[in-house]
Amino acid sequence: MQIEFTDAVLFDGASTRVTKDGYVVGRARIARAGVQAYGGASVGRGDLEVVRVYRPEEEVFADAAMASLAHRPITLDHPDGFVSAQNWKDLAVGNTGGRVVRDGDFVALDLALMDQAAIEAVRSGKRQLSVGYSCTLDFTAGLTPAGEAYDAVQRNIRGNHLALVDVARAGPECRIGDRHFAPTLEQLAARLAEAECQLADARKALDAKAGELAALTRTHADEIAARDARLADAENNLDARIEERQAVIAAAQIIVDPPPVIKGRSIAEICRACVASALGEAAVKDRSDDYISASFEVLAAAARARRQTPHDDSLAHAVQMDVAHRQPVNVWDSAFASSSVAMKKDR
């Protein structure tokens with residue numbers, strides 16, 4: 001879509017001077033890269049109130065675009081159409097020079113104002129410079145490398161003239177003189193629209209960040225809850241293991257006298273030592289921990305029963321598992337028989 005544009009900037013008074021002939025000559029920034037807001041109707045989109053137009057660096061500072069701004073007529077305000085050989089004599093109040101260069105994000109060039117009315121207008125505060133140019137407008141939305149949203153892109157920029165105006169679109173970085181100026185309602189509206197677009201983009205970015213933060217907060221809360229659950233399980237398991245160890249130690253102290261060494265041994269090692277002390281090493285050799293644990297429980301039960309009714313023969317029969325065949329053996333009968341033989345010998 002081919003569009004005619006009239007952007008505006010400000011003329012830098014620090015670089016201007018008056019020649020002996022009364023002309024005002026100097027150097028000015030006249031255009032910049034980046035995103036600028038336009039009224040929808042001014043760019044052929046009456047259906048939109050504001051269109052954010054992106055001027056990429058590679059288009060603004062292209063050799064052909066820069067060359068098109070050299071030796072161009074300067075006008076007092078924008079004419080109804082573009083300047084040509086047919087109307088130049090009536091419209092021109094000066095001209096741009098041949099040296100057009102990049103100055104940061106701006107295009108800068110030399111210029112000269114030769115018309116007295118234009119010079120007096122500058123002295124009265126008419127200090128901004130607005131470029132009249134044509135370009136191809138590509139209505140493809142996107143984001144600039146800096147993350148700023150836009151609705152369309154300018155390409156194939158070609159300058160036609162430079163107008164001296166009251167208020168420019170490109171901002172106060174480029175000016176004739178350094179006095180403050182009062183912007184027009186149209187210019188204020190354009191700037192307000194641009195600020196509102198930037199605010200809307202900032203709000204969208206903020207909402208996205210808030211969503212990300214909320215998601216991270218939920219994830220963090222879930223991780224904390226899972227960690228707390230694991231800690232609670234670990235504490236419960238620890239308490240259970242402590243109780244189990246205390247019970248095994250108590251049982252070991254009544255199964256054999258003296259009890260085996262407890263310190264530094266695991267529950268399985270304590271059980272194995274008790275069974276070995278009570279039944280002999282053959283009883284534990286090549287036996288699994290489950291077998292040893294079961295044997296330990298049998299010995300513990302017998303020891304507890306023996307403590308509860310030490311003179312009751314009917315309760316004083318602890319079951320001992322035969323090491324080879326796992327058959328029950330009456331421990332107390334064997335012990336009683338051994339004691340009887342010993343007593344007879346003493347007589």
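A few comments on the model shown:
- Taking the stretch 250-271 as the range and being under 14 Å from residue 300 (Cβ atoms) and either at pLDDT 90 or above or of a type in the set (Gly, Ala, Ser) (or both) as the test, the residues that pass are 250, 251, 252, 267, 270, 271.
- Among the residues making up the stretch 48-98, a single one is among the hydroxyl-bearing types (Ser, Thr, Tyr), in contact (Cβ under 8 Å) with a residue 60 or more places away in the chain and not in a strand (DSSP E or B): 68.
- In the stretch 71-79, the condition of being surrounded by fewer than 20 Cβ atoms within 10 Å (Cβ to Cβ), of a type in the set (A, V, I, L, M, F, W, C) and at pLDDT 90 or above is met by at least one residue.
- Among (1) exposed (fewer than 11 other Cβ atoms within 10 Å of the Cβ); (2) of a type in the set (A, V, I, L, M, F, W, C); (3) at pLDDT below 50; (4) not in a loop (DSSP other than H, G, I, E, B), the one test that residue 242 misses: (3)
- The residues of the stretch 280-291 that are surrounded by fewer than 20 Cβ atoms within 10 Å (Cβ to Cβ) and either among the polar types (S, T, N, Q) or not in a loop (DSSP other than H, G, I, E, B) (or both), listed by number, are 281, 282, 288, 289, 290, 291.
- The residues in the stretch 248-282 that are closer than 18 Å to residue 307 by Cα and touching a residue at least 12 places away in the same chain (Cβ under 8 Å) can be counted, and the count is 10.
The values are calculated or read from the model by the stated rules, or taken from the named source; none is laboratory data. What you see is a predicted model, and the numbers here were worked out from it, not measured in a lab. Virtual Cβ from ideal backbone geometry, glycine too; neighbours counted across all protein chains shown.
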